[in-house]
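S.K.: My structure is below; once you've seen it, I'll send some questions.
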Amino acid sequence: MIKTHKIKIYPNATMRKVLNSLFDYRRYCYNQALETWNAMYDESTILADKSRRPNERKVRDELVENKQDWQYLQSARVLQLAVRDLAKGWKNYFNPKMPNHAKPRFKSKKWSKHVFKTDRAKVIDGRLRLDKPHGSGVWYDIRLAEIPRWQGAIKLVTVIEEADGYYACLAIEVTDTVVEKHGDRVTGVDANVARFDYKDANGYQRINTLPQRLLKLYQHITAYQRQLARKRVTNPTNFRSNNYRATRTKLKRDYQKVSRIQEDLLKKFTIKLVAEWDVIAIEDLDNLHMRMNKRLAKNLHRSMFGKFKQMMVYKCAWRGVRLVLVDPFYPSTQRCSQCGYIKTGDDKIGLNGNHLYHTGHDDYVCYQCGAVMRRDENAVENLIQYAS
Ligand SMILES: [Zn+2]
């Protein structure tokens, strides 16, 4: 089983220079690979010959064969892993289960993430050892802010530059054996824009997923994005003005704060869930279907629910919890958890309740058995029944 740990690293000026050149080299390789991939694909369609279709191996061989002289001074692993990621990108793009996956695009120097991957890094005496770059004189290991949380072989290291410095994500092969839980304690989590509803031993609970400080950050981000867009229009040739840079730095910082708040919230919640339950039902939600207020930095907040599902999948696997992904077409909102009646047509409840019967957003009234419940509690009950 692979577990990842993201650790801050402290490279000195020489190392930073090397890391930056590796970021550039990865971007270069990725773009080259995409170009080659597209060319091979076009060729195969023109010649109507499927055997000429591109794949990871063919594209990689092509790039290796056509290496420029200067490339021999660069890490071969970075090239190979860039091609592998491109192949993964195409696979995800064509996977019908991942409808939101974007088509692989060329990465621009200005906008792409500063990142590279290597599978040859080691941690020695609490420091990160990367391959010694060709032609460099003295080469030291990079100081890590903490020791890796897990023991095991390091399979892959992703180095990334963020607003406040550099980080290494270590993917570590852990040999723990998972003990499957066989109990029958079942709970369900109903995800909404601003909260998670679930049930524990003390009854129905809710977790606020949109605290005030997150909302504030979303508003700042929207404002900064607008400012940057305006600056680009008024001064298209001078992207590097001090003003522009300052705003971009603020934006980056806020992005980082958002992702930290989201992750902290999700981590605490998911750890609690997997510790307390044997079976957990969550909706297999397509992020795009999450309806939300226009003013929330939409994609940013939506991404939180994708992260939630991801975290649940791996945390449940580690702890031997059975995770039930409920079919998105299962009518957990419309179904009555008491009698099983499913509302249709004008009886349905929408975002603002039901017009015909004048019920509010938070109410569930069953017209079959007369049960009156809170809408979210009814949904949680339905999820629990689905999984039981
Ligand atoms: Zn009913």
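We did not get these values from a lab; they are worked out from the coordinates using the rules stated. Given the structure is predicted, the values throughout are model-derived calculations rather than measurements. Here Cβ is always computed from backbone atoms with ideal geometry, including for glycine, and neighbour counts include all displayed protein chains.
S.K.: With a 10 Å Cβ neighbour count serving as the proxy for reagent exposure, in which order, fewest first, do SER108, SER241 appear? Walk me through the intermediate numbers first.
M.R.: Values: SER108 9, SER241 12.
Least to most surrounded, the residues fall as SER108, SER241.
S.K.: A further question on this structure: Quick check on segment 60-180: take the gyration tensor over C-alpha atoms, sort the square-rooted eigenvalues as a ≥ b ≥ c, and tell me if it's rounded (a/c under 1.5), prolate or oblate. Provide the component values of the computation, followed by the final result.
M.R.: On the way: a/c = 1.68, a/b = 1.09, b/c = 1.55.
In terms of gyration-tensor shape, oblate.
S.K.: Let me ask another. Whole number please: convex hull volume per residue of the Cα set in segment 186-326, in Å³? Walk me through the numbers on the way to the answer.
M.R.: Working: hull volume 16.6 nm³, N = 141.
Expressed per residue, the convex hull around the Cα atoms of segment 186-326 is 118 Å³.
S.K.: Continuing with this model, one more query. Taking the Cα centre of the chain as origin, sum charge times position over the Cβ atoms of Lys and Arg (+1) and Asp and Glu (-1), and report the length of that vector in debye to the nearest 20. Mind dumping the intermediate values first?
M.R.: Numbers: 71 positive and 42 negative charges, 399 e Å.
Computed charge dipole of the chain: roughly 1920 debye.
S.K.: Given the -39500 (n - 2.57) contribution per DSSP H run of 4+ residues, what per-residue ellipticity at 222 nm results for the chain, rounded to the nearest 500 deg cm²/dmol? Walk me through the intermediate numbers first.
M.R.: Numbers: 7 runs with 156 residues, N = 388.
Calculated at 222 nm, the ellipticity per residue is -14000 deg cm²/dmol.
S.K.: Ranked by Cβ crowding within 10 angstrom, fewest neighbours first, how are TYR330, TYR357, TYR198, TYR72 ordered? Please report the intermediate quantities before stating the final value.
M.R.: Working: TYR330 16, TYR357 12, TYR198 26, TYR72 9.
Ranked by crowding around the Cβ, least crowded first: TYR72, TYR357, TYR330, TYR198.
S.K.: Right, something else. Normalise the Debye intensity by I(0) for segment 345-387, one equal point scatterer per Cα, no solvent, then take log10 at q = 0.14, 0.17, 0.31, 0.34 Å⁻¹ and round to two decimals.
M.R.: Debye curve over Cα of segment 345-387, log10 I(q)/I(0) at q = 0.14, 0.17, 0.31, 0.34 Å⁻¹: -0.32, -0.46, -1.15, -1.21.
S.K.: Hey, could you get me the Stokes-Einstein D for the chain, Kirkwood radius over alpha-carbon pairs, 37 °C and 0.692 mPa s, rounded to whole µm² s⁻¹? Intermediate values should be presented prior to the final figure.
M.R.: Working: Rh = 24.6 Å.
Answer from the Stokes-Einstein relation: 134 µm²/s.
S.K.: Which of the aspartates and glutamates could be linked to LYS216 by a straight reach, that is with a Cα gap under 19 Å, when you skip same-chain ones fewer than 8 residues away?
M.R.: Counting by Cα, and skipping residues close in sequence, LYS216 has these aspartates and glutamates nearby: ASP254, GLU263, ASP264.
S.K.: Another question about this same structure. Would you mind calculating the relative contact order of segment 186-326 from Cα pairs under 8 angstrom and at least 6 residues apart, reporting the percent as a whole number?
M.R.: Details: 144 pairs, mean separation 40.7, N = 141.
It rounds to 29 percent for segment 186-326.
S.K.: Sort TRP90, TRP277 by Cβ crowding within 10 Å, fewest neighbours at the top. If you can, show how the numbers build up before the last one.
M.R.: Details: TRP90 19, TRP277 25.
The fewest-first ordering by Cβ neighbours comes to TRP90, TRP277.
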